[in-house]
Amino acid sequence: MAMNLVAGWSLLSALLVLGVQGEVPAGELSEIQNKTIQLVMEKFHQRDLSNGYRMTSVVKAVEELYVAGLFVNVEFLVKQTSCHKHHWTKPECQPTKNAKTYNCFGCFKFEHESHTVFSHVEECVLPRHLNQGRQARRNDLCKEVERRDNGKKSVGKYSFLRKE
Ligand SMILES: *[C@@H]1O[C@H](CO)[C@@H](O)[C@H](O)[C@H]1NC(C)=O
């Protein structure tokens, strides 16, 4: 019995460790995770870009429920398309060959019912600029967002970490 429990836990930990990195299929994203990606991309397209970009893969999608609100952390890749940036949402805008790629990250905290954003941080950088220091800074900023509003973790905490 005890052995089974230990085996069960180590299997679970192995799965969770696997889940931290890797790809999340877009079809498995929740509505609020999609909204978060959308918000990060809207901000990105306010930059001085001439072309639109398209999300091509999701590296990470985490969602946690707090008493103070819903916390969402996403990391994904966007690729340059041949469309003008004003048309970036059009489905026909597909990435070009050898498209310029950015790694985007967003941490958002939403109010429960309204899903109004009350704290957020986001950034898109070239993958080669994503060094350890930058990664650490992202994590720090993200934790600040997660803790905002003195949110106590509720009993119904849940999170998604997946690998394809
Ligand atoms: C989120 O977006 C993806 C496409 O990027 C879609 O396949 C998925 O169904 C969406 N999820 C929800 C819950 O709308």
Starting at the first residue of the range 109-122, write each ³J(HN,Hα) from the Karplus equation 6.51 cos²θ - 1.76 cosθ + 1.60 with θ = phi - 60°, in whole Hz, x for Gly and Pro.
10, 10, 5, 4, 6, 7, 6, 6, 6, 10, 7, 7, 8, 8
For every other residue with a beta carbon closer than 14 angstrom to the beta carbon of R128, add +1 if it is Lys or Arg and -1 if Asp or Glu, then tell me the sum.
+2
By the scheme Lys and Arg +1, Asp and Glu -1, what is the net charge of all other residues having a beta-carbon under 13 Å from that of R138?
-2
Sum of side-chain charges, H115 neighbourhood, beta-carbon under 10 Å (Lys, Arg +1; Asp, Glu -1):
-2
Cβ density ranking, 10 Å radius, fewest first, applied to K97, K109 yields K97, K109
Report the Rg/Rh value for the range 32-147, based on alpha-carbon coordinates and the Kirkwood definition of Rh.
0.99
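Any read-out appearing in this document is the output of simple, stated calculations on the displayed coordinates, not a laboratory observation. Computed from a prediction, not measured in an experiment: that's the story for all the values here. Positions of Cβ are backbone-derived with ideal geometry, glycine not excepted, and every protein chain shown enters the neighbour counts.
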